[in-house]
Amino acid sequence: MNYVLRKGNLDKQVELPLSEEVQRKYKLSIRGEAMNFDIPTKMQTYLKELDQFIEQEIKPLENSDDNIRFFDHRREDARTDWERGGLPNEEWEQLLQKAKRLADTAGHYRYPFPKEYGGKEGTNLGMAIIREHLAVKGLGLHNDLQNEHSIVGNNVGLLLMINYGTDSQKAEWVDDLAEGRRGFAFGITEPEHGSDATHMETHAERDGDEWVINGAKTWNTGIHKAKYDLIFARTSGKQGDGEGITAFLTPTDSKGFKVEEMLWTFNMPTDHGRISMHDVRVSHEAIFGGEGRGLQVVQHFFNENRIRQAASSLGAAQFCINESIEYAKSRAPFGKPLSTNQGIQFPLVELQTQCEMLRALIHKTAWQMDEYGAFSVSDKVSMCNYWANRLCCDSADQAMQVHGGLGYSRHKPFEHIYRHHRRYRITEGSEEIQKRRVAGYMFGFMNQRAPKGVRED
């Protein structure tokens, strides 16, 4: 049996034979043999292992010493140090670190890392499945995405270091990153430039064995504690060029480096800062990812993180839907359950339908990234990301509506989920930028395997 791909309109179709390798990879078949959409047995077993770890180790910690205050109706107030300008409360951050250490000892935290760094060689598909699974459980010490906390680490800094760090940088950083002893902030967005990163005004000039950086960054996440900031600056080329932007691992205690303010957000506490740099000097060895190649680092970060973020948003959306269904079945105003009303049923049906379709696309996209590379399906990554983030907000909003006054209160987590995931519709590529990216591939303005600033060498 030969399989073919039909290409073209109904009037004129061309049959393109598929290779045996492609047939094998996609498990194409007919006459009773279907493609396999089941979660792999190995992954199902691992999810049960994670659930057991949560019940035995994480839940007891969450419920001790009034730690539940960080997750119940008091969560925003408890997490925020209002006397220190809205920064994360030290007790809150220490609790998160304790949970991470427990997860690391149990062998879970480093799941996506290579084996040589104590990881399990976790795949993009595996991470997508896990992040959805954890988010479906709702808020808790096992997984709280306000500051990207999870017992299965999404340590993008480490993954970038492995892919782009020099030998000396890896020797200095990898162990600390893996252990969570230190990390670096991410300085790309500027006060006057967000989505248009290639037009950044921050620039760096070579001076012997050093570089001199001048400029400003904003929404610099994690800058309240980071000892280093990954600063992106133009070092050559003209505004709008994808190449000529260089990333520098910049010590935050450098002369001329200043945190001007911490920016309050829709969802407190804040770990987002606005910084300025005046004649900040760094060594040539501070370059990360190669001179003029910084945008590739950004694009890699975005693609890896966007698919995982999409999975988390999908899980949070599913949580909101599940909670709404259970409440609608138990709440009985006017003598009958809410669940009997089509006004309750139909919006949840539409949201659940979107979840099912999106789940299939996320799994397919993550698998293709594993098979063909991080930039192989960039358009699908953008589709997954912008739709998942919007779906989560819509699901949280509907959950509030179904729950009525209780849903609007902080005694349910829906307002928290909405406020946090609303951010994702702007950060790491706004909805508009994601759609523009998809359109670029659809209409031939962009190269699928080589987004702006990316070289395949």
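The values are calculated or read from the model by the stated rules, or taken from the named source; none is laboratory data. Predicted model only: the values in this text are computed from it and were never measured. No Cβ is skipped: glycine too gets one built from the backbone with ideal geometry, and neighbour counts run over all protein chains shown.
Please specify each residue of segment 315-352 satisfying the condition of being in contact (Cβ under 8 Å) with a residue 40 or more places away in the chain and under 25 Å from the mean Cα position of the chain (by Cα). Hits for segment 315-352 are Gly315, Ala316, Ala317, Gln318, Phe319, Cys320, Ile321, Asn322, Glu323, Leu351.
Only one of Ala328, Ala317 is over 21 Å from Ile39 (Cα atoms), surrounded by 15 or more Cβ atoms within 10 Å (Cβ to Cβ), in contact with a Ser or Thr (Cβ under 6 Å, 6 or more places away or on another chain) and at pLDDT 90 or above. Can you tell me which?
On the way: Ala317 fails: over 21 Å from Ile39 (Cα atoms).
None of the other options fit; the residue is Ala328.
Every condition in (1) surrounded by fewer than 19 Cβ atoms within 10 Å (Cβ to Cβ); (2) out of contact with any Pro (no Cβ under 7 Å at 6 or more places or on another chain); (3) within 25 Å of Arg306 (Cβ to Cβ) holds for Asp65 except the one numbered (3).
Just one of the listed residues (Arg390, Arg422) is under 30 Å from Ile188 (Cα atoms), at pLDDT below 95, in a helix (DSSP H, G or I) and not assigned by TED's automatic domain parsing to the domain that holds Arg74, and it is Arg422.
Among the residues of segment 210-224, are any within 25 Å of Ala374 (Cβ to Cβ) and touching a helix residue (DSSP H, G or I) at 6+ places or on another chain (Cβ under 9 Å)? Don't jump to the end; show me each part of the working.
Narrowing segment 210-224 to residues within 25 Å of Ala374 (Cβ to Cβ): 217, 219-222.
Filter once more, so that each one left must be touching a helix residue (DSSP H, G or I) at 6+ places or on another chain (Cβ under 9 Å): 221-222.
For segment 210-224, residues within 25 Å of Ala374 (Cβ to Cβ) and touching a helix residue (DSSP H, G or I) at 6+ places or on another chain (Cβ under 9 Å): present.
Checked against the criterion of being surrounded by fewer than 22 Cβ atoms within 10 Å (Cβ to Cβ) and either in contact with a helix residue (DSSP H, G or I) (Cβ under 6 Å, 6 or more places away or on another chain) or β-branched (Val, Ile, Thr) (or both), the candidates Asn147, Asn163, Asn89 yield just one match: Asn89.
Scan segment 189-209 for residues that are exposed (fewer than 14 other Cβ atoms within 10 Å of the Cβ) and either basic (Lys, Arg) or over 20 Å from Arg293 (Cβ atoms) (or both) and the total you get is 5.
Condition test on Arg182, is it of a type in the set (Lys, Arg), in contact with a strand residue (DSSP E or B) (Cβ under 8 Å, 6 or more places away or on another chain) and not in a helix (DSSP H, G or I)? Can you show your working first?
Details: of a type in the set (Lys, Arg): yes; in contact with a strand residue (DSSP E or B) (Cβ under 8 Å, 6 or more places away or on another chain): yes; not in a helix (DSSP H, G or I): yes.
When the stated conditions are applied, Arg182 passes them.
Which ones in segment 92-136 are polar (S, T, N, Q) and crowded, with 21+ Cβ neighbours inside 10 Å? Answer for segment 92-136, where residues must be polar (S, T, N, Q) and crowded, with 21+ Cβ neighbours inside 10 Å: just Asn124.
Filtered by the rule that a residue be surrounded by fewer than 18 Cβ atoms within 10 Å (Cβ to Cβ) and either among the polar types (S, T, N, Q) or in contact (Cβ under 8 Å) with a residue 60 or more places away in the chain (or both), segment 400-421 gives Gln401, Ser409, Arg410, His411, Arg419. A count restricted to segment 158-188 and to residues that are of a type in the set (Lys, Arg) and modelled with pLDDT under 90 stands at 2.
Residue-wise test of (1) in contact with a Cys (Cβ under 6 Å, 6 or more places away or on another chain); (2) at pLDDT 95 or above; (3) not in a loop (DSSP other than H, G, I, E, B).
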{"position": "Arg6", "(1), (2), (3)": "no, no, yes"}
{"position": "Asp38", "(1), (2), (3)": "no, no, no"}
{"position": "Tyr46", "(1), (2), (3)": "no, yes, yes"}
{"position": "Asp51", "(1), (2), (3)": "no, yes, yes"}
{"position": "Arg69", "(1), (2), (3)": "no, yes, yes"}
{"position": "Ala78", "(1), (2), (3)": "no, yes, yes"}
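Give, as residue ranges, the strands (runs of 3 or more DSSP E) completely inside segment 228-323 that count at least 3 residues that are closer than 22 Å to Ser168 by Cβ and in the same structural domain as Gly138 (by TED's automatic domain parsing).
Values: elements: 228-234, 245-251, 257-262, 272-283.
In segment 228-323, there are no strands (runs of 3 or more DSSP E) which contain 3 or more residues that are closer than 22 Å to Ser168 by Cβ and in the same structural domain as Gly138 (by TED's automatic domain parsing).
Just one of the listed residues (Gly138, Gly122) is under 24 Å from Leu95 (Cβ atoms) and outside any helix (DSSP H, G or I), namely Gly138. Here the condition is being among the hydrophobic types (A, V, I, L, M, F, W, C), in contact with a Phe, Trp or Tyr (Cβ under 9 Å, 6 or more places away or on another chain) and closer than 22 Å to Glu93 by Cα; of Leu249, Leu263, it holds for Leu263 alone.
Report the residue count in segment 58-67 for those that are assigned to a helix (DSSP H, G or I) and without any contact (Cβ under 8 Å) to a residue 60 or more places away in the chain.
Let us first name the residues in segment 58-67 that are assigned to a helix (DSSP H, G or I), namely 58-62, 67.
Now drop any that are not without any contact (Cβ under 8 Å) to a residue 60 or more places away in the chain, which leaves 60.
Looking only at that region, the number is 1.
Within segment 193-217, being within 20 Å of Gly429 (Cα to Cα), modelled with pLDDT of 95 or more and part of a strand (DSSP E or B) holds for Ala216, Lys217.
Give segment 235-270 a look and list any residue that's crowded, with 23+ Cβ neighbours inside 10 Å, within 22 Å of Phe301 (Cα to Cα) and of a type outside the set (A, V, I, L, M, F, W, C), or say none. Spell out how you get there, then give the answer.
Initially, segment 235-270 is screened for residues crowded, with 23+ Cβ neighbours inside 10 Å, giving 245-248, 250, 269.
Now narrow it down to the ones that are within 22 Å of Phe301 (Cα to Cα): 245-248, 250.
Answer for segment 235-270, where residues must be crowded, with 23+ Cβ neighbours inside 10 Å, within 22 Å of Phe301 (Cα to Cα) and of a type outside the set (A, V, I, L, M, F, W, C): Thr246, Thr250.
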